[in-house]
1. It is to be established whether one or more residues within the range 91-100 are over 30 Å from Ser163 (Cα atoms), β-branched (Val, Ile, Thr) and in a helix (DSSP H, G or I).
2. Could you list all residues from the range 1-24 that are exposed (fewer than 14 other Cβ atoms within 10 Å of the Cβ), in a helix (DSSP H, G or I) and without any contact (Cβ under 8 Å) to a residue 60 or more places away in the chain?
3. Just checking, which of Val230, Val274 is assigned to a helix (DSSP H, G or I) and modelled with pLDDT under 90?
Amino acid sequence: MPDIVIHVVASALYAALALHLWNTRWRVQPERWRLQQTTETPASNELRGWERAAILLPLLLHGWLLYDEIFAAAQMRFGFAQALSIMLWLAVAICWLEGLAYRIEALLPMVLAIAALCAPLPGFFSGRPTPDAYSLQFKLHLFAGMLAYSLFAVATFHALLISIVERQLHAHPTLADRGVPPLLSLEALVFKLTGAAFAVLTLTFAVGIAYSESIFGRALRFDHKTVFVVLSWLIFGLLLAGRLLYGWRGRTALRWTLAGFLMLMLAYPGSRFVLEVVLGRS
């Protein structure tokens, strides 16, 4: 089976699961909601065993594709498509593990739908050859960077879910009525994820400096990627400081989270997209 077909299959499985979870967790009509109030409990909306197992199918297929095409290839090629695909693979994996301890099934339609869009991208955009791809420094830099991107992505998805729930507080039915954790619990989870992601991003930055020094002979290359990464690091650092010192929450925290994630997306995926697609350069 051609690789592009497998990419499309993985994308279709993600999309089908996103649609199923949206229909069963978000798209509840008022009549059905009133029936649920008398016949069901919030726990009845938890992910079922077959749903958890079904998510693993595209996750494993997607992971195998990434390994085979990027890490097991004779020459590693890496660009915006590979970065987005790995980021969403890790995001789905993080959410799957997180779902074992927290009620986040309302988050999954959003994550799976975006994964459906990003999973097949490497099949259409091959990326650029990566020099010194198998050195230890590069491997650490790549792994830490993709993990940081994924953790920030999951934190941003959580922040968006909080915003949606807040807007629905005076409507019936709401996501809060269907087993979504209390907003304060979701907020605490957002800052835990952001703190972990900030620590990993700091590690990525440090490893990147060492890698740049060994490859290019200078600690930092002041290009678009470096500028946007530094801006993102500063924004998330200020967000965590604001939370610690001033108790930032709600819309303030959401705005800072979205701004930091936007800077991060402009750093590598955004700059590589412009070079590879808009300018046609590898």
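The values are calculated or read from the model by the stated rules, or taken from the named source; none is laboratory data. These numbers come from a predicted model, not from an experiment. Reconstructed Cβ throughout: ideal geometry from the backbone, glycine too, with neighbour counts over all protein chains shown.
1. No, the range 91-100 contains no residue that is over 30 Å from Ser163 (Cα atoms), β-branched (Val, Ile, Thr) and in a helix (DSSP H, G or I).
2. Within the range 1-24, Val5, Asn23 qualify.
3. Result: Val274 is the single residue among Val230, Val274 that is assigned to a helix (DSSP H, G or I) and modelled with pLDDT under 90.
Yes or no, residue by residue, for (1) of a type in the set (Phe, Trp, Tyr); (2) modelled with pLDDT under 95; (3) surrounded by 16 or more Cβ atoms within 10 Å (Cβ to Cβ); (4) not in a loop (DSSP other than H, G, I, E, B):
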{"position": "Ala74", "(1), (2), (3), (4)": "no, yes, no, no"}
{"position": "Val111", "(1), (2), (3), (4)": "no, no, yes, yes"}
{"position": "Asp132", "(1), (2), (3), (4)": "no, yes, no, no"}
{"position": "Gly145", "(1), (2), (3), (4)": "no, yes, yes, yes"}
{"position": "Ser150", "(1), (2), (3), (4)": "no, no, yes, yes"}
{"position": "His158", "(1), (2), (3), (4)": "no, yes, yes, yes"}
{"position": "Val165", "(1), (2), (3), (4)": "no, yes, yes, yes"}
